[in-house]
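The values are calculated or read from the model by the stated rules, or taken from the named source; none is laboratory data. Just so you know, these numbers come straight off a predicted model, no measurement behind them. Glycine also receives a Cβ, built like all others from the backbone with ideal geometry; neighbour counts cover every protein chain displayed.
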Amino acid sequence: MWAEITVSAAKVAVIAGTVLTLVAVMEWVERRGAAFIQDRLGPNRVGPFGLFQPIVDAVKLLFKEDLTPANVSRGLYLLAPMISVSVALLTFIVIPFGAGKDVTVFGVPLGGVEVAPDLGVGVLFLLAIGSLGVYGIVLAGWSSNNKYSLLGGLRSSAQLISYELSMTLAVLGVLLATGSLRLDDVVARQGGQFWFGVVPQWNVVPQIVGCIVFVVAVFAETNRLPFDLAEAETELVAGYHVEYSSMKFAAFLMSEYMNMVTASALIVTLFFGGWTFPGMSRFSGWPLLALSLVAFGIKLAFFLWLFVWVRWSLPRFRYDQLMRLGWKGLLPLATLNLVWVGVAMAMGWIR
Amino acid sequence: MMGTAVFYLVAVVGVVSAIAAVSHKNPVVNVLSLVVTLFCIAVSYALLGAEFLAAAQILVYAGAILVLFLFVVMLLGAPEEPPAGERRPFQRAAGLALAGITAAGGVAVLAGIRAAGPAGAAQGTADALGRLLTGPYLFAFEFISVLLLAAMVGALMLVKRKH
């Protein structure tokens, strides 16, 4: 019993630690990437290639004055960043980061590199917890007692509700093809087999439309450009977090980056084969675990870079464009994808 | 043991936040308390082995419907409610009588229930529920979805401006 608890706790610590480290790394990648795209150098003074810049930034934010403006709704004002961070951290417990079925640690089966491998409703849990994230933003906007904050919060909630629908429909296509709600099964179905001997059977091939809808929708869900209307500096100053300073502000920043990592991990898991890689049937045990982590890491890195790449390449949508894209563009496409998957499965084109 | 502790925790938190949901002066706090209550109910579903129901509860109610509630409350400005002014003389007595009747009915219903154990491992899963909904209860399931559609169209008709 205690051995199992220890293994679970170790998994939580390792995964949470990795994710929080990724947040710091992504901050560096974002700044250097932005500089690269805009043909300048970016932060390069602190450490080699400016790699220690996130640490310096974190220290700076820690020591800034923690200001609570007058006339805010104090309890909710404190609660909002907490909700954002907790929700962002909770979603990781069902994502399978690597193979680990036949690995034992001190005689205890690892059961996959995820915190909750036995949760039968994995994807639903993720969507459910993810849908609570909007409260952090809405409450921050409302409790700050500031018109820019409120507008940011309102925009954000409208946006999240609109795009959640298309995102869920796109996920449904994958679940239909898998026949299970567990992300483990989603990954297992995509691995080891090939079309025409070369194309891996990733969900992205038959469901390219669903994949595109999903990627666009998670960009909107993470409030990243071109969908960052909730913070739109030029019109709303900084939107919902304009009244926050110090670590409370950093909490929103951290949750944004954690949501980015979750979103990328989900894209990889649902559409790009998760931790599977060609030739994996030749390995087992620890080598398979190590290689699967590397495979997942490479795929994850690509989509994390995609987030940065898009942010510094595309301008922001106008509000009406955003709503038109969500309701008249993505929603019909996601529905079409679902119908296509159903027909293809009924006809036996995809198993 | 662990399950019992969690049950008592969510039971107490759920009831307290339910009371806050109807009694607090601030509409935003009302909505949020309702979110907490629904979350506690979802946890008790999970404790009973109905994990699909738990996830659906959070996804549909806490994650979607109450966000819309909050949206509307914020759009309308959410003034703090002033303490109720003039009362009708019989209001309090009528309220007490109704509460008594409701409580008696609740006790009667509760007394008639056999203590139900947790659902079997296979009963609360998405698979089992899906089979029930598309098998024996297909008609009721489709009927309810048509009913919801009709309600939605009706609401649209009611708020439509005449040109």
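Here are the numbers:
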{"quantity": "Of all residues making up region B:111-163, the number that are assigned to a helix (DSSP H, G or I) and either modelled with pLDDT of 80 or more or surrounded by 12 or more Cβ atoms within 10 Å (Cβ to Cβ) (or both)", "calculated": "31"}
{"quantity": "Lone qualifier among A:Val294, A:Val308, A:Val218 - being surrounded by fewer than 16 Cβ atoms within 10 Å (Cβ to Cβ) and under 29 Å from A:Phe36 (Cα atoms)", "calculated": "A:Val294"}
{"quantity": "Residue identified as under 18 Å from the mean Cα position of the chain (by Cα), farther than 29 Å from A:Thr104 by Cα and not in a helix (DSSP H, G or I) among A:Asn259, A:Asn223", "calculated": "A:Asn223"}
{"quantity": "Candidates A:Leu289, A:Leu336, A:Leu325, A:Leu270, filtered to the one that is assigned to a helix (DSSP H, G or I), at pLDDT 90 or above and surrounded by 15 or more Cβ atoms within 10 Å (Cβ to Cβ)", "calculated": "A:Leu336"}
{"quantity": "Qualifying residue in region A:183-202 (condition: away from every other protein chain (no Cβ under 14 Å), part of a helix (DSSP H, G or I) and among the basic types (Lys, Arg))", "calculated": "yes"}
{"quantity": "Checklist (1) more than 30 Å from A:Pro69 (Cβ to Cβ); (2) surrounded by fewer than 20 Cβ atoms within 10 Å (Cβ to Cβ) applied to A:Val261, failing item", "calculated": "(2)"}
{"quantity": "Candidates A:Val123, A:Val134, filtered to the one that is in contact (Cβ under 8 Å) with a residue 24 or more places away in the chain, closer than 26 Å to A:Val339 by Cβ and within 12 Å of chain B (Cβ to nearest Cβ)", "calculated": "A:Val123"}
